[in-house]
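The values are calculated or read from the model by the stated rules, or taken from the named source; none is laboratory data. Worth saying up front: this structure is predicted, and the values here are computed from it rather than measured. With ideal geometry, Cβ positions are generated from the backbone for all residues, glycine too; neighbour counts draw on all protein chains shown.
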Amino acid sequence: MKKQEGKFLRKGTHIHPSAVVSDKARIGKGTRVWCFAQIRENAVIGKNCNIGNGVYIDKFVKIGNNVSIHNKSLLYRKVVIEDDVFIGPNVVFVNDKNPRSGTIRNLDKTSWKVEKGASIGASSVIMPDIRIGKCALIGAGSLVTNSVPDHALVYGSPAKIRGFVCECGSRLELKEKDESFCRMSCSKCGKIAQIEISVFSLCE
Ligand SMILES: [Zn+2]
């Protein structure tokens with residue numbers, strides 16, 4: 001890795017000189033990495049991402065394009081983030097349900113997937129082995145203990161399904177349903193989403 005004026009460490013990216021970035025990490029064009037962030041070996045980050053102050057990205061984390069990760073969030077090994085995901089400040093992906101200092105833990109079986117267009121609010125805690133579905137929205141301060149379906153709005157501790165949201169972020173409203181699916185529409189942009197009845201019935 002070559003330093004160029006102490007500011008741009010790789011062509012087409014902006015990496016602050018105080019960030020610690022492994023030579024073995026891959027970072028796409030247009031991505032910005034801010035002060036004191038650490039990016040470990042074999043992490044892969046796509047194009048046009050924003051990696052905030054103090055963010056930690058562990059080995060083998062995979063991040064798509066146009067992803068925003070705000071200050072001080074912690075992404076441990078095997079987190080997978082798809083395109084257009086928003087991760088607010090102080091979000092933690094917990095990698096050990098039974099932590100003990102002084103014993104070597106095998107955490108290789110832990111994994112997470114955050115699917116395209118999902119958003120995770122500030123200071124949320126995501127427990128191990130969780131999938132967060134497409135366009136789902138996690139409210140700030142949530143403790144996420146179960147996987148989150150596509151388009152679900154969840155919040156609280158533990159987080160529960162409180163409604164459904166469009167890819168634009170506005171609430172979806174129920175239009176019609178049969179025994180298998182319900183069709184919901186966005187009052188703001190008019191888009192329609194189809195939600196399984198078994199998921200819809202979990203809404204509190
Ligand atoms: Zn919409």
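Things to note:
- Of all residues in segment 81-124 being of a type in the set (Val, Ile, Thr) and surrounded by fewer than 19 Cβ atoms within 10 Å (Cβ to Cβ), the one that is modelled with the highest pLDDT: Val92
- Ser157 being more than 23 Å from the chain's Cα centre (by Cα) and either part of a strand (DSSP E or B) or of a type outside the set (D, E, K, R) (or both): no
- Each residue in segment 188-204 was checked for being within 16 Å of Gly133 (Cα to Cα) and within 14 Å of the ligand (Cβ to nearest atom), and 1 of them qualify.
- Restricting the first member to segment 1-20 and to residues that are modelled with pLDDT under 55, and the second to residues that are among the aliphatic types (A, V, I, L, M), the beta-carbon pairs closer than 6 Å and six or more apart or on different chains are Met1/Leu9.
- Set Ser185, Ser142: member being surrounded by 14 or more Cβ atoms within 10 Å (Cβ to Cβ) and within 16 Å of the ligand (Cβ to nearest atom): Ser185
- Segment 168-194 residues that are at pLDDT below 95, paired with ones that are near the ligand (Cβ under 7 Å from one of its atoms) (beta carbon under 8 Å, 6 or more apart): Ser187/Ser170
- Of all residues in segment 146-161, those satisfying the criterion of being more than 16 Å from the ligand (Cβ to nearest atom) and in contact (Cβ under 8 Å) with a residue 40 or more places away in the chain are Pro149, Lys160, Ile161.
- Residue selection: Ala136 fails the criterion of being in contact with a helix residue (DSSP H, G or I) (Cβ under 8 Å, 6 or more places away or on another chain) and within 16 Å of the ligand (Cβ to nearest atom).
- Enumeration of residues in segment 46-65 that are over 23 Å from Lys97 (Cα atoms), buried (at least 20 other Cβ atoms within 10 Å of the Cβ), within 13 Å of the chain's Cα centre (by Cα) and free of Cβ contacts under 8 Å to residues at least 40 places away in the same chain: Cys49, Ile51, Ile63
- Of residues in segment 162-180 being away from the ligand (no atom under 16 Å from the Cβ) and among the charged types (D, E, K, R), the one surrounded by the most Cβ atoms within 10 Å (Cβ to Cβ): Arg162
- Residue check, Asp108 over 12 Å from the mean Cα position of the chain (by Cα) and either closer than 22 Å to Pro158 by Cβ or among the small types (Gly, Ala, Ser) (or both): no
- Qualifying residue in segment 48-67 (condition: in a strand (DSSP E or B) and touching an Asp or Glu at 6+ places or on another chain (Cβ under 8 Å)): no
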